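Following: one structure in structure tokens, then a few remarks.
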Amino acid sequence: MFERIPELAQKFRLLRSRVYTSTNTLMKKAKTILAIDTSCDETSVAVVRGRCVLSHVEYSQIAMHVKWGGVVPSIARRAHEERIDWVVQKALTKARLDLQSIDCIAVTYGPGLAIALEVGIKKAKEISQSIKKPIIAVNHMEGHLYSPFVQNSKGNPKTDFKFPSIGLLVSGGHTELVLFKDHLVYEILGETRDDAAGEALDKAARMLGFGYPGGPVLERLASQVNNQDMYRFPRPMIGSNDFEFSFSGLKTALLYKLKEMTEEEKNKELQNLASSFQEAVFQTLMKKTKKAMMQTGVNHVLVGGGVAVNKRLKTTMRAMVTAQGGSIFFPSFKYLNFDNAAMIGIVATIRAEHGLYVKDDDTIDREPRLSLLQSSI
Amino acid sequence: MTRTITLSTQSIKQVINEVLQVLSSGGLVIFPSDTVYGLLVDATNEEAVKKLIEFKNRPPGKAISVFVADLNSCKKYVSINQKQSAVLSKLLPGPFTMVLPSIHTVQKLLESEKGTLGVRVPDFQPVLQLASSFGKPITATSANLGGSSPHYSIDSFIHQISQAKKDLIDLIVDAGKLPRNKPSTVLDLTESTVKTLRSGDISFEKSNVYQSHSAQETQNIGRELMQGLTKKYGQKPLVIVLKGDLGAGKTEMTRGIADYFEIEKIISPTFVVYYEYAICDSKSKFVHVDLYNIQEEVEFVHLGLSDYLKPGNVMVVEWGEKLGKLYAEFQKKAEVVFVEIMYERETRRKIIVNY
């Protein structure tokens, strides 16, 4: 019947193409992908099929115990070279597969620490040559953007992609707002000009006398005073007309505040200082995301990255997005917020569907400051 | 034969008495906590600790934290300075394991290779009562075998282990299914062990002193500094070590230096340790390093920083005083300039450049 109404048919087809009831179609032809991420201090390997993670192994699952009773007696972070073989093997064993059953290899080639990225790329090339299977090069930030859609081995959650969406990626190393237009099509709305949001939280915690990691500590202290904002620290660039972030000035504002307080006052005010700082960071993230929603008219929001495990951020973001009549998605499993190879594998699934394999392995090189724009098709 | 008793509000007193008896005689007890089920032994009894390590298949030398009744008792096992004490009193009791320097009053097997110990004051009355009546620290490791996930119910744990392991358990205290709280967050409150350099440690021929009143001015000083250095050293590999507290303006100075090479969009490399940038389409690289997160000297082995000391390359190292032993190597292979930025007041920084 649509043949008679061509415009409508066109529209319908467009709509159809945007709704990815993809699980089934994907499963039929889905490739088994071995994914490697060594972008910073996590050596992580996953085996995925479609959007399902068959296995995911990261060194720090053990490294957490390295200090606290682990398996491999090396305390150095970023010692990827020593660990990669072990982690690859473990991921295959957990998935009950051998290398021969892998259809392609996915690897993060940026952004990140050059020497760390190199280890993953080298390993991917090695495996690719030994089993004669192609490589898919993935941008680490794409991984975070796809992280809310990663499923466990049973195919849950069933959440489907919704395009276009706005992605807020917040971690210790990154803070950016992205317009996720369609599969593999990205536009950067704004990013941090100096410190990342997670870094700001960690450094504030350190200035207040806490160890690492600082995020969970600030979260708890803030909750003890109901996330009050007594100090009203400046929210840098909040009034700017773009979607850029800056958290370095906020860090300096906390420094100045602390300089004028005595030790006793500081200790008495720890909770309020922590809470006010956290609010300054989160309110900035919220306001810019809201502005992005209003200016683009897009009301699906994805939030990924380590900072997104913070309950305060989750609750307030959810409230804001819901009030705007939108929907919000977070990664379903906590590990997906942090650097992990599972999300890299899921991006590779989509890239494989588009036939985006690396043609010549020799051309893959690490790109420490790789931008999402460079990966947009 | 392992005995199982049930923990309920009525039975607390009796249960604690039984557990105390088992712990005193060197036994291994499975006990609930505010997070997951834990494996408890007397942390001062060598035989008991060895039994625990055998049970967990844990290689010796890997740390195990201890339950302590309150903040005051922590001081009997770890050294706590005033600042750390303020921090602890805000967070404890709670789901945190605090890593601090051990004062070696527990079994050495429980400490880390660095001589630190994890202490835990859980937000869970039965454990606190137990620790307080026992008067000694009790191990606080989760009830699981090395590498597998922790358990929220006795059944799930018992099903996972072999009979030989079961025989090692002396008493199980069953409190039913625990709420699925995450295992405790480990917070490292120890200071970095990286030896830091002071400008007095190194001798320089010359030093210049500048004053900056704004971020922009700090950038300008960086740009001019670079201009002078390129004139002086040409293509020699160059390292600029930046020292200064959080918020002093190190990244601003780096921006100025990078701007000289027309490199824009400098962002903080704290998380990844360093970012590299190409210098004007040449093969030379501008490397922006930040050692803020480096905790141990051994980490340098895996960073490959020395590989960048090649002609034409420029490296800026924030928190460069943490280079430690590497500093001598840098001096041998490159021209090193040591810049210290000092906070004087909100609108004034003193910048000392040592050549």
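See the values below:
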{"read-out": "Residues located in the stretch B:277-322, provided they are surrounded by fewer than 20 Cβ atoms within 10 Å (Cβ to Cβ), among the aliphatic types (A, V, I, L, M), over 24 Å from the mean Cα position of the chain (by Cα) and within 13 Å of chain A (Cβ to nearest Cβ)", "value": "B:278"}
{"read-out": "Complete set of residues in the stretch A:63-105 that are β-branched (Val, Ile, Thr) and either modelled with pLDDT of 50 or more or surrounded by fewer than 19 Cβ atoms within 10 Å (Cβ to Cβ) (or both)", "value": "A:71, A:72, A:75, A:84, A:87, A:88, A:93, A:102, A:105"}
{"read-out": "Those helices (runs of 4 or more DSSP H) lying entirely in the stretch A:309-377 with at least 3 residues over 28 Å from residue B:274 (Cα atoms)", "value": "A:311-323, A:341-353"}
{"read-out": "Number of positions in the stretch A:247-296 that are within 11 Å of another protein chain (Cβ to nearest Cβ), aromatic (Phe, Trp, Tyr) and without any contact (Cβ under 8 Å) to a residue 40 or more places away in the chain", "value": "1"}
{"read-out": "Residues being free of Cβ contacts under 8 Å to residues at least 24 places away in the same chain and more than 7 Å from chain B (Cβ to nearest Cβ) - total across the stretch A:214-225", "value": "1"}
{"read-out": "Some residue of the stretch B:240-261 being touching a strand residue (DSSP E or B) at 6+ places or on another chain (Cβ under 6 Å), crowded, with 18+ Cβ neighbours inside 10 Å, away from every other protein chain (no Cβ under 14 Å) and not hydrophobic (A, V, I, L, M, F, W, C)", "value": "yes"}
{"read-out": "Residues of the stretch A:292-305 classified as touching a strand residue (DSSP E or B) at 6+ places or on another chain (Cβ under 9 Å) and in a helix (DSSP H, G or I), total", "value": "4"}
{"read-out": "Failed criterion for residue B:236 (all others in (1) modelled with pLDDT under 95; (2) more than 13 Å from chain A (Cβ to nearest Cβ); (3) part of a helix (DSSP H, G or I); (4) within 25 Å of residue B:324 (Cα to Cα) hold)", "value": "(3)"}
{"read-out": "Restricting the stretch B:250-276 to residues that are among the hydroxyl-bearing types (Ser, Thr, Tyr) and assigned to a helix (DSSP H, G or I), the residue that is farthest from residue B:291 (Cα to Cα)", "value": "B:260"}
{"read-out": "Filtered residues of the stretch A:296-348 (kept if of a type in the set (Gly, Ala, Ser) and over 12 Å from the mean Cα position of the chain (by Cα))", "value": "A:297, A:319, A:323, A:325, A:326, A:327, A:332, A:345, A:348"}
{"read-out": "From B:106, B:127, B:186, residue being of a type outside the set (S, T, N, Q), under 28 Å from residue A:208 (Cα atoms) and surrounded by 14 or more Cβ atoms within 10 Å (Cβ to Cβ)", "value": "B:186"}
{"read-out": "Scope the stretch B:278-293; condition under 19 Å from residue B:319 (Cβ atoms) and out of contact with any Ser or Thr (no Cβ under 7 Å at 6 or more places or on another chain); matching residues", "value": "B:286, B:287, B:289, B:291"}
{"read-out": "Hey, residue B:329 in contact (Cβ under 8 Å) with a residue 12 or more places away in the chain, touching a helix residue (DSSP H, G or I) at 6+ places or on another chain (Cβ under 9 Å), surrounded by 17 or more Cβ atoms within 10 Å (Cβ to Cβ) and of a type in the set (Asp, Glu) or not", "value": "no"}
{"read-out": "Number of positions in the stretch A:268-290 that are over 16 Å from residue A:170 (Cβ atoms) and under 34 Å from the mean Cα position of the chain (by Cα)", "value": "8"}
{"read-out": "Evaluation of residue A:239 against (1) under 22 Å from residue A:296 (Cα atoms); (2) facing another protein chain (nearest Cβ under 8 Å); (3) at pLDDT below 90 (one fails), failing number", "value": "(2)"}
{"read-out": "Members of the stretch B:92-138 that are of a type in the set (S, T, N, Q) and under 21 Å from the mean Cα position of the chain (by Cα)", "value": "B:97, B:102, B:112, B:116"}
{"read-out": "Residues of the stretch A:89-134 classified as of a type in the set (A, V, I, L, M, F, W, C), touching a Lys or Arg at 6+ places or on another chain (Cβ under 9 Å) and over 22 Å from residue A:59 (Cβ atoms), total", "value": "1"}
{"read-out": "Enumeration of residues in the stretch A:129-146 that are buried (at least 24 other Cβ atoms within 10 Å of the Cβ) and more than 18 Å from residue A:353 (Cβ to Cβ)", "value": "A:140, A:141, A:144"}
{"read-out": "Residue list for the stretch A:277-299, filter: closer than 11 Å to residue A:228 by Cα and surrounded by fewer than 23 Cβ atoms within 10 Å (Cβ to Cβ)", "value": "A:279"}
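The values are calculated or read from the model by the stated rules, or taken from the named source; none is laboratory data. Just so you know, these numbers come straight off a predicted model, no measurement behind them. Cβ coordinates were reconstructed from backbone atoms using ideal geometry, including for glycine residues, and neighbour counts include every protein chain displayed.
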